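Structure first, then comments.
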Amino acid sequence: IVTGCNRGLGKGIKDAVLSKEKSFISLDRNPDDSLGERAIYADLSDLDKLPGVFESVKKVLVSEFSSQGKKKIYIIHNAGLLQPMKKQSQLKSLEFLDLFKVNVLAIMELNRLFLQFLINEDLKLSNI
C-alpha cells in the first residue's frame, strides 16, 4: 500500500512494485484508474474520511489475502505536503495545521486503523 504515488518517488515505487508484484494498493487524491479497485481516493488532509478510506482498502486486502495466501502488508507513507516552504515560525495557523494533518496525523490514524484490523488476523504490518 502506497500513499501519494502519482508522481516523483511514489510513482517510482508504484512502477517498481508493479513490475514484480500484482498486490498493490494506491491511496491518492488523483487515483490511477488503470489500477481499478486498487486505486483508492484518499485526501489525507480530511481525517474524518480516513475510516471510509480504510474500509475500501480492507475490502481489497481481504480478497487479495484470501485468494493468494499472503501474510504481510507493507505500507509506504509517501504522501506529504511540502508547501508552503517557510520556517515554522512564519507559518499561519491553518497552514501549519494542514501540514501536520497530512504529514503526521493521517499516518498515525491509518496505522491505528490497520493495527485494529490486524489484531484479529494472522497478518504482519511493516511501515516505511
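Structure notes:
- The radius of gyration of the Cα set in the range 1-55, together with its Dmax, comes out at 11.0, 34 angstrom.
- Distance violations [Cα-Cα > 23 Å] among LYS14/LYS59; LYS11/LYS87; LYS49/LYS72; LYS49/LYS101; LYS11/LYS92; LYS14/LYS58: LYS11/LYS87; LYS49/LYS72; LYS11/LYS92
- Accessible area per residue in Å² at 1.4 Å probe, computed on the chain: 62 Å²
- Per-pair calculated FRET efficiency, R0 = 25 Å: LYS58 and ASP33 via Cβ, rounded to 0.05: 0.75
- Helix-only mean residue ellipticity at 222 nm for the chain, each DSSP H run of n ≥ 4 adding -39500 (n - 2.57), per residue, nearest 500: -13000 deg cm²/dmol
- q = 0.11, 0.13, 0.19 Å⁻¹, the chain: log10 I(q)/I(0) [Debye, one scatterer per Cα]: -0.40, -0.54, -1.09
- Cβ-derived FRET efficiency at R0 22 Å, LYS11 paired with LYS72, nearest 0.05: 0.40
- Comparing SER89, HIS77, MET108 along the charge dipole axis of the range 73-128, the residue lying farthest to the positive side is SER89, per the Cβ-charge model.
- Relative to the Cα centre, the charge distribution of the chain, modelled as +1 at Lys and Arg Cβ and -1 at Asp and Glu Cβ, gives a dipole magnitude of about 380 debye.
- Expressed as a whole percent, the accessible area of the range 15-128 that falls on carbon and sulfur atoms is 54 (1.4 Å probe).
- A Förster distance of 22 Å, applied to the separation of the beta-carbon atoms of LEU82 and MET108, puts the FRET efficiency at 0.70.
- Span-like helix ranges in the chain, DSSP H, alpha carbon extent 24 angstrom or more, Kyte mean at least 0.5: none
The values are calculated or read from the model by the stated rules, or taken from the named source; none is laboratory data. Computed from a predicted structure; not experimentally measured. Neighbour counts are summed over all protein chains in view; Cβ atoms, including those assigned to glycine, are modelled from backbone coordinates with ideal geometry. The accessibility values were calculated without ligands, DNA or RNA, using every heavy atom of the protein model including side chains. Shrake-Rupley method; radii C 1.70, N 1.55, O 1.52, S 1.80 Å.
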